[in-house]
Structures are given as structure tokens and as C-alpha cells.
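Rule-based calculations on the coordinates, nothing more; no lab input. Just so you know, these numbers come straight off a predicted model, no measurement behind them. Because the Cβ atoms are built from the backbone with ideal geometry, glycine has one as well, and the counts that use them run over all protein chains shown.
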Amino acid sequence: MTMRMLRRRLISLARLVLVALVVLYALFPFYWAVVSSLKTGPALFDVALLPLHPSFDNYVAVFRDQPFARNILNSFVVALSTVALALALALTAAYALGRVAFRGRSLLLIVVLGVSMFPQVAVLSGLFDLIRALGLYNNLMALTFSYLIFTVPFTTWILTTFIRDLPRDLEEAAIVDGATPWITLTRVFLPLMGPAMAATGMLAFMVAWNEFLFALTFTLTNDMRTVPVAIALITGASQYELPWGKIMAASVTVTAPLVILVLVFQRRIVSGLMAGAIKG
Amino acid sequence: MAELSLRHLSKRFGRHTVIDNISLDIADRQFAVLVGPSGCGKSTLLRLIAGLEAPTAGEIRIGGERVNEWTPRERGIAMVFQSYALYPHMTVFDNIAFGLTQTSMPRTEIAERVQKAADRLQIGHLLARKPKELSGGQRQRVAIGRAIVRQPRLFLFDEPLSNLDASLRTQMRLEFMQLHRELGATTVYVTHDQSEAMTLASLIVVLRQGRIEQIGSPLDVYEHPRNLFVAGFIGSPKMNMIAGRLEAADARNAHIVLDGGLRLLVAADAHHSSPGSKVTLGVRPEHLKEGATADALVATVVAIERLGSESLVHAKLPSAEMVTWRVVGSSAAKPGDAVRLGVDVTCCHLFDEAGNAFPPPE
């Protein structure tokens, strides 16, 4: 074996080790959650990589002791309505920001981004008053409404850059064909933006699905809570017991939809992130 | 039935003037070609006519009506883009039909008209395909189909052939001519390729830096270029330009002496210029003849392009100016040969110091 071959093998070995480390780092917590959710009682505190007596008691308990199914439904309602509204608003805004030349366009783009820079806590109390005034307290609409604050800016930004990359001729061809801006946007641009819409929609969904602070503040009753809050408020049999098993079971239950969603849209997300890099 | 007329049209982007006070009349059924080097404003002019840009000043009239404030659709124009700009997610049928579906036309009539336009362009069998499944030439036809299906008053073409290979370009050129003859719609066609302009146009408009240098029929522009720019731009290979001085002139003839010492009598009215002023003699490559005895330019052959039916000989004058001439068939000359060239003085062009052509003799 020559030195060169030896070196090449060493490099590929090192690369494999590095990849393995990254995968382990990323996946171990989730694996540990799955394993813990299948353990009960004192077994939870054994350091065993595989549960010796796997049981689904925790899963049953999660759904029995609180309206967890209702919480999941709430999360879906909030996340999906946030995505739908954010995409609709961002798409129309992106068309204007990406294609119509008007005074103060770049300033507006900076402001849009600036809005999303505020820490949640900073806007929390003001937003609370606003939501009380609108009569939306303890209502899922309060969450959809407040999530738009941080989803619309970044969806607008991503879609704006995407629309800017669409060939100018295409829009002008539509104008010459007599299409209104709305027709141009919906019939010419939108079909070409599938990947971008899927990618940004996916990101907005995850943000809304995982949000905790607003969800905790703007809801009061158990059956109005979303998943992250519900999980945080899971209680044990006594105040001295931390119900790790149930928490892990609940976490695994709500992570699964996200993982499935990402896998389904994976190809579209990647092509969405790559779009505009090369002309098709 | 639409004549196009531009009145004192200007377009500025910031402080940069792209179109500078252009007035132009294009009669109904004309095939007008806007030609000029890149950056001369020809595409901008087309976009002003289309209604994709608003003029800074001036007036655009189509069919006698002022259309400055009208949308492209209201103007009744159709445009073929350089990139074709086909809608990539739509089938060929939907691409061609898109403009019609924006009207209240019944579906059956749309289908009929699309089919007719597609058959006319020999793409009738491709209607179910997507643009990415078509060749360059076929995409070009779809773009044309999209334009003709709407039966516009005015056709606008923005360098439609520049993305095609040479043989396809020649073929499409013929089809454009045929199409124009059959449809008879007024056409404005933009190109930087002077040979395209010569073959297609019934009216050539030569542009430079946002101004019209010359308007006329192709032969008129070729035979009577108004200035050095037009003379150099129209015609391939380029017109030979040889510097000289005016010795004496009346209303019919100009006596000039070239920098190499050759004296010529050129038919041109140069009597307003003073003797001794600088002039430029322009001679087309077909008006230089090898093997002259008297009154000849002496040039050293540098290179020979043998094109089969003809040869182009490139040679250097003692004054270091390059000249090119045409020889039918193949030339016997070899690089390094000294050749005596006769100048056909009846076909010469004479330009004054500012580069403007002297008027023909009275």
C-alpha cells in the first residue's frame, strides 16, 4: 500500500468518525426521549440504553390525565392557520417588495426584519393588553394573531428574495398577455414558487408548533392550551415527583408529526433553499 | 390597421438619457427593424412602444391614437422576448392560450384559435408538452404562437433569434418574412445583427446612443449611408475607410488625395468644404478590384478567407489602414503579396471631417 492510498483511507475514516459524532450529537437526545418514555417507575433512573420492560403506560397516562388530544388539535389549528395567513400575507407583500419599484422599499424591508428582532418578552405585556382589548384572551385566535408577528417577517423576506430571482421577462410576458398583477402572482408566479412556499411554510409551522411563552400567557384553561404548554404543565402523582416518563411520552408524540412533515417535504425544502442559485 | 408614430420621445433613467428625442413614423404593414450596437437604446425603445416602460417625454401613437397611458393589452401589441419567457409550468397549449383566457372569449373558440396558430407554426403536435421538453427552435415557435394567436395590431420582437444556432436562425428569418407577408401586421423588430436587419426589414432604423442615425429601406441605407457610423455598421464585411484630403471640389465632383498619395475624382457635392480639409473615402469590399494598372492602391495581403463561392482578402495599405475586398471564387493572392487595387469611383462614399456624408452631385 502506498503512502497516498494510506492517507486517503485515513482521511475517509476520519470523515466517517466526524459524521458519526454529528449524528450521535443530533439524534441521541431524541433517542433518549423515546427510551425514557417506554420506562416506568424506578427504571427511569437506570442508565440502560434499551428499556428492559418496555411499556406504553406513559402514553396512556398522558392522554388519560389531561386533554392531550385536544392540545394536539389546538396546536395543529394554531400552526396551520398561522402558516396559511403568514404565507398569504407574505406572498402578496413579497410581490410588491420584490417587483414593484416604490419609494422607501428597502427601508420597509429593513423595518419588516426589525420587527422580528424584538425579544418576545419585550412585546409580551403590550400584546397581552392588546389581546384583552380585542377579547381574544384564552382563545386560539390570540395565538395565531401573535405568531404572525414573528412568522410574517421572515416568510416575507424569503419569498421576496425568491420572487426577485424569477425572470423579469416572465412577468412582462404576462403583462403583455393582459394579466392583472393578481393573475400574474397566482397563475404565473405561485406555481413556480412551490418549493419556496413549502420551505417557508415548513419553517413557520415549526415556529408556531414549538412556541411556548405566548401560548402560556394568552391561554388559561387546559383545553385551550397548545402542546408545549401542556407538556410543561404535566404533573406527577405528588409535588416531589417529576413525571419524566409522561413528559417524554408527550414529547415523542408531538415530535413525530414534525419529523414526518419534514421527511415528506424534504426534497422540496432542499430545492427551495437551492432555488435561484441556477436558472432552470 | 395600425401605423405607429413616435413624437419627440425621450427616456431617462436618473441622469442617464437612453432615448433622446426620437421621432419616427412606421406605416401600416411595415416591417421595421431597429438596429444598432448594444447599449444604443433599441430595446428600451421597443419597451416604450410595448408599454412596459413609461416615456419621460414625448408621445406614442398607435393607429392615430395617443397611447402613452394605455396598458400593453389596450395598445393591442404582442411581444416576443429574447428569452421567449414561456411559462415553464404550463403546457404549450396553455402558454399560447394564456392571453386569450384573460378575455371573455369562449373556451371552444380559444381552443380553435390556439390549434390554428400552432398548426400554422408546425407545433400542433406539441400542444400537450411543457416548454422544458422542447428544443430551442420549438420554444421560439411557441413564443411566436403566443403572439399571433391574439391577432395584435402591432408585433414587437426583441432579438428573437439571438438564442438560436446559425442554421436555425436563417430558417426562422425566412419564416418571419413569410409570416409577416401572410399576417400583414405592423412589426417592430429589434436586433444588433445588421444582416438580420438587411434581410427582414422594409424599413431600417439605425440607432446609436439613443438617437436615430438613419431611417430608410435596406438598400437605401446600404447605398447611401448618411455618416461614417451607419456606413461602418451596415454591411458585412465592413466598408473600407481610407483617410485623405480634399484638393478641390465643385457641386459635382470632388478631387481628393488619399494619405498614400493616390489622387481620385469622386462624384460628390463637396463644394461647401474648403480645400485641404480632411475627408474619409468609404469603399465597399465589392468595389475594390484586383489587378488595376493606373490609379491604384497598393496593398500587402495579410490574410485570405476562402468561403467557397467567394473569398475575402484582407490587406494593409502603406498608411497602415486595413482594407478588405471580395473576389468571386477563390483568389490567387497569397499573404505577403503586393496587390494593385482599382477603386470604383462611381460607387464610392465620401465623408467630411465630422463624419457626415457629402450629398450626391447635383
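The condition (being in contact (Cβ under 8 Å) with a residue 12 or more places away in the chain and either at positive phi or polar (S, T, N, Q) (or both)) is satisfied by just one residue among A:SER12, A:SER37: A:SER37.
Screening the stretch B:167-252 for helices (runs of 4 or more DSSP H) wholly inside it with 2 or more residues that are β-branched (Val, Ile, Thr) and touching a residue at least 60 places away in the same chain (Cβ under 8 Å) returns no ranges.
Checking the structure you have, find out if any residue of the stretch B:106-126 is of a type in the set (Ser, Thr, Tyr) and within 10 Å of chain A (Cβ to nearest Cβ). Among the residues of the stretch B:106-126, not one is of a type in the set (Ser, Thr, Tyr) and within 10 Å of chain A (Cβ to nearest Cβ), which makes the answer no. Residues in the stretch B:69-83 that are touching a residue at least 40 places away in the same chain (Cβ under 8 Å) and either more than 8 Å from every other protein chain (Cβ to nearest Cβ) or assigned to a strand (DSSP E or B) (or both): 6 in all.
Conditions (1) more than 29 Å from A:PRO243 (Cβ to Cβ); (2) under 26 Å from the mean Cα position of the chain (by Cα); (3) assigned to a helix (DSSP H, G or I); (4) of a type in the set (Gly, Ala, Ser), marked per residue:
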| position | (1), (2), (3), (4) |
| --- | --- |
| A:LEU27 | no, yes, yes, no |
| A:LYS39 | no, no, no, no |
| A:ALA43 | no, no, yes, yes |
| A:LEU52 | no, no, no, no |
| A:SER75 | no, yes, yes, yes |
| A:VAL83 | yes, yes, yes, no |
| A:ALA90 | yes, yes, yes, yes |
| A:LEU97 | yes, yes, yes, no |
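None of A:ILE149, A:ILE183, A:ILE175 is at negative phi, surrounded by fewer than 18 Cβ atoms within 10 Å (Cβ to Cβ), assigned to a helix (DSSP H, G or I) and within 14 Å of chain B (Cβ to nearest Cβ) except A:ILE183.
Of all positions in the stretch B:145-156, at least one carries a residue that is within 14 Å of chain A (Cβ to nearest Cβ), under 20 Å from the mean Cα position of the chain (by Cα) and either among the aromatic types (Phe, Trp, Tyr) or over 23 Å from B:VAL205 (Cβ atoms) (or both). When you look at B:LEU100, is it more than 9 Å from every other protein chain (Cβ to nearest Cβ), part of a helix (DSSP H, G or I) and of a type in the set (A, V, I, L, M, F, W, C), yes or no? Taking the combined requirement at face value, the residue does not satisfy it. In this structure, B:PRO88 does not satisfy being without any contact (Cβ under 8 Å) to a residue 40 or more places away in the chain and within 14 Å of chain A (Cβ to nearest Cβ). In the stretch A:186-198, the qualifying residues are those that are more than 11 Å from chain B (Cβ to nearest Cβ) and hydrophobic (A, V, I, L, M, F, W, C), and the one that is nearest to the chain's Cα centre (by Cα) is A:ALA198.
For the stretch B:32-61, which positions are within 14 Å of chain A (Cβ to nearest Cβ) and surrounded by 15 or more Cβ atoms within 10 Å (Cβ to Cβ)? Those that are within 14 Å of chain A (Cβ to nearest Cβ) and surrounded by 15 or more Cβ atoms within 10 Å (Cβ to Cβ): B:SER43, B:THR44, B:LEU46, B:ARG47, B:LEU48, B:ILE49, B:ALA50, B:GLY51, B:LEU52, B:GLU53.
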